[in-house]
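The values are calculated or read from the model by the stated rules, or taken from the named source; none is laboratory data. Just so you know, these numbers come straight off a predicted model, no measurement behind them. Glycine also receives a Cβ, built like all others from the backbone with ideal geometry; neighbour counts cover every protein chain displayed. Side chains included, ligands, DNA and RNA excluded: accessible areas come from the protein's heavy atoms. Shrake-Rupley method; radii C 1.70, N 1.55, O 1.52, S 1.80 Å.
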Amino acid sequence: MKLENFFKKVNGQSFMLSVTIGLFAVMYIIGMIVFASKGFSNLQVFLNLFISNAGLIVVASGMTVVMIAGGIDISVGSVVAMICMMLASFMEKGGISAPAAVLICLLTGLVFGLVQGFLVSYFGIQPFIVTLAGMFFARGMTAIISTEMISIKNELFLKWATAKIYLPFGGYVNKKGTMIYPYIYPSVVVALIALVLVFAMLKYTKFGRSLYAVGGNEQSAMLMGLDVRKVKLKAYVLNGFLCSLGGVLFALNSCSGFVEQAKGFEMDAIASAVIGGTLLTGGVGNVIGSLFGVLIKGTIETFITFQGTLSSWWTRITIAALLAFFIVLQSLFAKAKEKK
Amino acid sequence: MPEIKGRIKKITSHRLFLPLLCLALVLLFNIATTPDFFKISIKNGMLYGYTIDIINRASELVILSIGMTLVVAASGGTDISVGAVMSVAAAICCFILSGGEHSVSQYQNPFALGIILALLASLLCGCFNGLLVAKLKIQPMVATLILFTAGRGIAQLVTEGQITYIRVPGYKILGSAIPGIPLPLPVFAAVFVALITALVLKKTALGIYIQSVGINSKASRLVGLKSSAIIFFTYVFSGLCAGMAGLIASSRIYSADANNIGLNMELDAILAVALGGNSLSGGKFSLLGSIIGAYTIQALTTTLYAMNVSADQLPVYKAVVVVLIVSLQSPFAHKLLQKLKSRLLSGNSQRRAA
């Protein structure tokens, strides 16, 4: 069994991460070659990956934190929808100013995470069941707030949403002869800052390290003297906060709130984390990997838009196929490790 | 006195006590709010009424929860792809019968072929889930997540993103009724599936095998049971159940609506299993409990609809019920109750001493 030997020798963690980054690079280069005439190689196309997925980057990093601690959260899509709807209804119907509305939404996310975390860690209920209930609760709450779509017209909020930050390089000259520089929105900056903070937190703080310990082996973590339940609770609270922040960024991109919004978002977040090398069994993971997971998903979507004739559900099928591939790869590594 | 106490304890500690109590509570609530809840009338030889409606509408859920019970019992996980598999089965059946058109008034292919291929597709979905869980040892919920994501996409691919209508009277029969029989056909389908499953589990050792694998799969393997084959079987069976439920749901609306058939049914099925007094971490199970749970949930849904709660808002209440039930089942709550009990008892004895 040559293959088995290969799995034994290779360091699973860094191998998975390099597979992910390699996959992204290959996909992007293929896109550049296939869609060369449509301007795929334009820097703006690359930046658009970040612009349209700013919310997902933050949500996926929250998901990574929970998954490292050995849990999972499938309520994130519904929570994002709820946050968008809350923002829309606060600003348009409640007459609350944009900063106050955002603040209330972030607090709601914290509380949501607190309740879920409490049920998971102190009541000992399976995280999947708790967050499945959370998923339905948040989606239903969205419908209770309003069953009709609310567009956000708040001036300050739209200003945040559309303030272009131009990059000082990578510009090109358009047909009219003016130089156009690629740009990003503030939401991308917020998302990247959040990502870097979570990365540093996981790598350099005591809490970050205890997350890995708890996810790796709960029993040993407890024997080491860690308060396992508290660590798990904190992971869910952090995830709740990141989820609501992701929701705010999502709203900045969509500028509306409606019941069906962000459907399947939880799958995107989980798939991104898994494709990025986070183990479903806990204890292993990295937000940088998740970022590339998000970028891969974005690239598939860009392919479908550039191609033009493929329908949108191909995105979901491709993501599911990728998810299946990476999950199987993970289990092969796990099996090889067991035999060691 | 102690005799009565013992008898009460015997009744309350019975496995089906809690599920039946929940059902009774929901029904009692309805008597208070809707006076003609239990009224059954006969129109054109058919029975009508709230209760009949509940029994009829719960049929798909009953079939799903039977499959889900075995999955939970054997693997300690849940199959969250059932709703998506329902829509796949419906889409394939309608696709075959319509021959690729979006609305037909005549079968383009034999009826049996559509049913068989749809069931085969759902069987295949079950095999896929089973393979991931039993052979590759992936957490059940995560393994079934793949089809949960892809299932509706596949269904939409089959129907080309549109609703496929089969406007043939014969197609509606599975979801409505045969003239002359006062009860709708789905009720019989649910009872049929339940009876067959119960018979197979009772008459063969399969039921015990499933329990033993659920309690300790490693030990069962060492005893000589093929743990992974048994887990694989439960997922295949769950897929098949989802396929049957999907066909009934499709027949009700004589069409395949990839987006809405079986929507949110996975939560209802899990809830039914939990309500039935089954532990979600596997092992011992009660099929009857799950079935009672399924009817309870449908009763709850119908009740909420009767109270003018919209379909969009329904999940909020269901989610609250799920959390309450699983919290009550959790070890933490058990400890809390025990503490409370002992405190009350010690309080009594102190009083007696005084």
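With a 1.4 Å probe and all protein chains left in place, how much accessible area per residue does segment B:239-354 have, in Å²? Walk me through the intermediate numbers first.
Values: 5270 Å² over 116 residues.
Per residue, segment B:239-354 has 45 Å² of solvent-accessible surface.
What is the percent carbon and sulfur in the accessible area of segment A:12-339, measuring with a 1.4 Å probe over the protein chains and ignoring ligands? Intermediate results must be reported in sequence, preceding the final value.
Working: 9170 of 13560 Å².
Result for segment A:12-339: 68 percent of the exposed heavy-atom area is carbon or sulfur.
In degrees, nearest 10, range 0 to 90: what is the angle between the Cα axis of helix B:227-252 and the longest Cα principal axis of chain B?
That works out to roughly 60 degrees.
I want the local charge near residue B:299. Using Cβ-Cβ distances under 11 Å, sum +1 for each Lys or Arg and -1 for each Asp or Glu among the other residues. Please report the intermediate quantities before stating the final value.
Values: positive: B:57; negative: B:53.
For residues surrounding residue B:299, the net value is 0.
Can you pull out the buried accessible area for chains A and B, both sides counted, probe 1.4 Å, rounded to the nearest 100 Å²? All intermediate terms of the calculation are to be shown ahead of the outcome.
Details: alone 16590 and 18800 Å², together 31880 Å².
Chain pair A/B: roughly 3500 Å² of buried accessible area.
With all protein chains present and a 1.4 Å probe, how do B:40, A:33, B:63 order by accessible area, largest first? Kindly include the intermediate steps, with their values, before the conclusion.
Working: B:40 85, A:33 120, B:63 0 Å².
Sorted descending by solvent-accessible area, the residues read A:33, B:40, B:63.
State whether segment B:191-336 is rounded, prolate or oblate according to the following rule on the C-alpha gyration tensor (a ≥ b ≥ c being the square roots of its eigenvalues): a/c under 1.5 gives rounded; otherwise a/b larger than b/c gives prolate, and the remaining case gives oblate.
Because a/c hits 1.5 or more and a/b fails to exceed b/c, segment B:191-336 counts as oblate.
With an 8 Å cut-off on Cα pairs and a minimum separation of 6 or more residues, tell me the relative contact order of segment A:12-339 in percent. Walk me through the numbers on the way to the answer.
Working: 539 pairs, mean separation 111.0, N = 328.
With pairs under 8 Å counted, the relative contact order is 34 percent.
Shielding by partners for B:135-148, please: the mean number of other protein chain Cβ atoms within 10 Å of each residue's Cβ.
On the way: counts 1, 7, 5, 8, 6, 1, 8, 9, 5, 0, 13, 11, 2, 5.
Mean inter-chain Cβ contacts per residue within 10 Å come to 6.
What's the extension gain from residue B:136 to residue B:113 if we count 0.36 nm per residue and subtract their Cα-Cα distance? Each step should come with its number before you reach the end.
Details: separation 23, 0.36 × 23 = 8.28 nm, distance 3.29 nm.
Length gained between residue B:136 and residue B:113: 5.0 nm.
Among the listed pairs B:218/B:284; A:230/B:137; A:230/B:284; A:337/B:218, which have their C-alpha atoms separated by more than 21 angstrom in this model? Provide the component values of the computation, followed by the final result.
Working: B:218/B:284 16 Å; A:230/B:137 29 Å; A:230/B:284 31 Å; A:337/B:218 18 Å.
Correct reply: A:230/B:137; A:230/B:284.
Rounded to the nearest 10 degrees, what's the angle between the helix B:59-75 long axis and the longest principal axis of chain B, both from Cα atoms, 0 to 90?
Relative to chain B, helix B:59-75 is tipped by roughly 60 degrees.
Whenever you get a sec, line up A:160, A:313 from highest to lowest accessible area (probe 1.4 Å, protein heavy atoms). Kindly include the intermediate steps, with their values, before the conclusion.
Numbers: A:160 90, A:313 45 Å².
If we order A:160, A:313 from most to least accessible, we get A:160, A:313.
Could you give the accessible area per residue of segment A:117-156, probe 1.4 Å, as a whole number in Å²? Present the calculation step by step, with values, prior to reporting the outcome.
Details: 1570 Å² over 40 residues.
Accessible area per residue, segment A:117-156: 39 Å².
In peptide A:62-70, what is the residue-averaged number of other protein chain Cβ atoms found within 10 Å of each Cβ? Don't skip to the answer; put the middle values down first.
Details: counts 0, 0, 0, 0, 0, 0, 0, 0, 0.
Going residue by residue through A:62-70 and averaging, the value is 0.
Can you give the accessible area of residue B:52 in Å² (nearest 10), computed on protein heavy atoms with a 1.4 Å probe?
Taking all protein chains as shown, residue B:52 has close to 20 Å².
What is the mean number of Cβ atoms from other protein chains located within 10 Å of the Cβ atom of each residue in peptide B:314-324, rounded to a whole number? Display every interim value, and only then the final one.
Details: counts 4, 11, 9, 3, 4, 13, 4, 1, 8, 11, 1.
Taking the mean over all residues of the peptide, I get 6.
For segment B:183-196, what does the Karplus curve 6.51 cos²θ - 1.76 cosθ + 1.60, with θ = phi - 60°, yield as ³J(HN,Hα) per residue in whole Hz, taken in order and with x for Gly and Pro?
Once θ is set to phi - 60°, the couplings for segment B:183-196 become 10, x, 5, x, 4, 5, 4, 5, 4, 4, 4, 4, 5, 4 Hz.
Does any residue of segment A:303-327 lose at least 40 Å² of accessible area with all protein chains in place compared with its chain alone, and if so which ones (probe 1.4 Å)?
Residues meeting the cut-off: A:313, A:316, A:317, A:320, A:327.
Using the charge dipole of segment B:1-107 (Lys, Arg: +1 at Cβ; Asp, Glu: -1 at Cβ; taken about the Cα centre), state which of B:38, B:74, B:61 has its Cα farthest towards the positive end.
Going by the charge dipole, the pick is B:38.
Multiplying the sequence separation of residue A:223 and residue A:34 by 0.36 nm and subtracting their Cα-Cα distance, what value in nm do you get?
Numbers: separation 189, 0.36 × 189 = 68.04 nm, distance 5.54 nm.
Taking residue A:223 through residue A:34 to full extension adds about 62.5 nm, to one decimal.
Which of the peptides A:243-255, B:108-120, B:192-204, A:296-308 is most tightly packed, and how do the rest follow, going by the mean number of other Cβ atoms within 10 Å of each residue?
Highest mean packing first, the order is A:243-255, A:296-308, B:108-120, B:192-204.
Probe radius 1.4 Å, ligands and nucleic acids ignored: give me the carbon and sulfur share of the accessible area of chain B as a rounded percent. Could you put the intermediate results ahead of the total?
Working: 11450 of 17080 Å².
Taking all protein chains in place, chain B shows 67 percent carbon and sulfur surface.
Can you tell which of B:179, B:332, B:231 lies farthest toward the positive end of the dipole of chain B, using +1 and -1 charges on the Cβ of basic and acidic side chains (Lys, Arg; Asp, Glu)?
B:332
Report, in order of residue number, the helices in chain A meeting two criteria: a C-alpha extent of 20 Å or more along the helix axis, and a mean Kyte-Doolittle hydropathy of at least 0.0; treat each whole DSSP H run as one helix.
Values: long enough: A:12-34 (32 Å, 1.87); A:54-68 (21 Å, 2.31); A:76-92 (24 Å, 1.88); A:98-121 (34 Å, 2.08); A:127-145 (26 Å, 1.62); A:186-204 (27 Å, 2.27); A:228-254 (38 Å, 0.89); A:287-307 (30 Å, 1.30); A:313-339 (39 Å, 0.86).
Helices meeting the criterion: A:12-34, A:54-68, A:76-92, A:98-121, A:127-145, A:186-204, A:228-254, A:287-307, A:313-339.
Starting from the amide H of residue B:255, placed 1.01 Å from N in the peptide plane, find each other amide H under 5 Å away whose residue is 5 or more places distant or on another chain.
B:166
Output the residues of segment B:258-276 meeting this criterion: accessible area (heavy atoms, 1.4 Å probe) in the chain alone minus accessible area with all protein chains in place is 40 Å² or greater.
The answer is B:267.
Using a basic spin-label model with each label point 7 Å from the Cα along Cα→Cβ, how many nm lie between residue A:13 and residue B:24?
Label-label distance for residue A:13 and residue B:24, simple model: 5.6 nm.
Of the listed peptides A:324-332, B:91-99, B:239-247, A:174-182, what is their order by residue-averaged count of other C-beta atoms within 10 Å, with the highest listed first?
On the way: A:324-332: 19.0, B:91-99: 24.4, B:239-247: 29.7, A:174-182: 10.0.
The packing order, highest mean first, is B:239-247, B:91-99, A:324-332, A:174-182.
If you take the alpha carbon radius of gyration of chain B and divide it by 2.2 N^0.38 Å, what ratio comes out, to two decimals? Present the calculation step by step, with values, prior to reporting the outcome.
Numbers: Rg = 22.2 Å, N = 354, 2.2 N^0.38 = 20.5 Å.
With N residues counted in chain B, Rg over 2.2 N^0.38 Å equals 1.08.
Please compute the modelled spin-label separation between residue B:5 and residue B:124, points set 7 Å along Cα→Cβ, answer in nm with one decimal.
Placing both labels 7 Å beyond Cα along the Cβ direction yields 6.3 nm.
Go ahead and run the numbers for FRET between residue B:229 and residue B:196, Cβ-Cβ distance against an R0 of 22 Å, rounding to 0.05. Write out the running numbers ahead of the final one.
On the way: r = 20 Å, r/R0 = 0.93.
Step by step, r from the Cβ atoms, then E = 0.60.
Show B:253, A:193, A:68 ordered by accessible area, largest first, where the area counts protein heavy atoms only and the probe is 1.4 Å.
Ranking B:253, A:193, A:68 by accessible area, largest first, yields A:193, B:253, A:68.
What is the magnitude of the charge dipole of segment A:12-339 about its Cα centre, with +1 placed on the Cβ of each Lys and Arg, -1 on the Cβ of each Asp and Glu, and no other charges, expressed in debye to the nearest 20?
On the way: 21 positive and 11 negative charges, 94 e Å.
That gives segment A:12-339 a dipole magnitude of about 460 debye.
For segment B:38-157, with every protein chain kept in place, what is the accessible area per residue (1.4 Å probe, Å²)? Show your work: numbers first, answer last.
Details: 4260 Å² over 120 residues.
Accessible surface, normalised per residue, equals 35 Å².
Return one number: the angle in degrees, 0 to 90 and rounded to the nearest 10, between the long axis of the Cα atoms of helix B:287-306 and the longest principal axis of the Cα atoms of chain B.
80 degrees
What aspartates and glutamates sit close enough to residue A:335 to cross-link, taking a C-alpha to C-alpha distance under 18 Å and skipping anything fewer than 8 places away on the same chain?
Residue A:335 reaches A:4.
Take the alpha carbon atoms of segment B:8-87, find their center, do the same for segment B:215-290, and report the distance between the two centers in whole angstrom.
Spelled out, the Cα-based centre of one part sits 16 Å from the other.
Given a Förster distance of 22 Å, report the FRET efficiency between residue B:16 and residue B:305 from their Cβ-Cβ distance, rounded to the nearest 0.05. Could the numbers behind the result be given before it?
Numbers: r = 27 Å, r/R0 = 1.21.
My answer for the efficiency is 0.25.
May I ask you to derive the FRET efficiency for residue A:310 and residue A:144 from their Cβ-Cβ distance with R0 = 25 Å, giving the value to the nearest 0.05? Walk me through the numbers before you get to the answer.
On the way: r = 36 Å, r/R0 = 1.45.
According to the calculation, E is roughly 0.10.
Taking accessible area as the heavy-atom solvent-accessible surface of the protein chains with a 1.4 Å probe, which residues of segment B:151-175 lose no less than 40 Å² upon going from the isolated chain to the full protein assembly?
Checking the loss per residue gives B:157.
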